[in-house]
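The values are calculated or read from the model by the stated rules, or taken from the named source; none is laboratory data. Just so you know, these numbers come straight off a predicted model, no measurement behind them. Backbone-built Cβ (ideal geometry, glycine too); neighbour counts: all protein chains shown. When the accessible area is computed, the model is the full protein with side chains, heavy atoms only, and any ligands, DNA or RNA have been set aside. Shrake-Rupley method; radii C 1.70, N 1.55, O 1.52, S 1.80 Å.
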Amino acid sequence: MPGLWTRTLGELTLSYVPDAGVAMIRERLYPSAAEDEWHEHRPHLTEVGHLSMGCGALLVERGDTRLLIDAGHGRISGSEVEHFQHAFGHVRDLPGSLAALGVDPGELEMVAFTHFHGDHTGWARPDATDDPRSLFTRARWMVGAGELESVAAGTGPVLADQDGRTVTVTDGTEIAEGIRA
């Protein structure tokens, strides 16, 4: 499973912020892949042959601007394990991973979402923490218009205070100085 890492790219500092590790049942995830196609990927498989995958977020820093891309998986219970997932590991690490980077999630002003799957919205959901504002109490949600349209009617908000905090963006929109959707 991937661990916390930081890289510098020009004026940007990028940090992978791990949250959960997922052991995927590869035959259900990639049903048409033949067994021999997995040979070169053995380092990414668990002892029983499941595909190890990380779930987390990407912290982008430029000067004094901090933007978190995605919000990890968040709280996970055994009943939430979907049919293609075998098990979760190191769950609930995103807050600890941010703390290791010296980042207080309550101070982040922006969280952008690649899409609205649960393993990307976790700590931003209304039920993410005991605080209904989520782990990111001050953040604005940067969301592509298509994602908002994809939410099924009557399902309720995907994000905490979704109506009051969401900024809809289109491809190419500058969401922070030098950072575009």
Helices (runs of 4 or more DSSP H) wholly inside segment 114-177 that include at least 2 residues being among the small types (G, A, S) and farther than 21 Å from G96 by Cα: 145-150
Is segment 40-61 home to any residue that is farther than 16 Å from P2 by Cα, touching a strand residue (DSSP E or B) at 6+ places or on another chain (Cβ under 8 Å) and part of a strand (DSSP E or B)? yes
Residue that is closer than 20 Å to M142 by Cβ and more than 22 Å from the chain's Cα centre (by Cα), where the choices are G63, G49, G72: G63
I need a count of the residues in segment 99-138 that are of a type in the set (V, I, T), open to solvent by less than 70 Å² (accessible area, probe 1.4 Å) and within 28 Å of A152 (Cβ to Cβ). 4
Search result, residues across segment 146-167 that are open to solvent by less than 50 Å² (accessible area, probe 1.4 Å) and of a type in the set (S, T, N, Q): Q162, T166
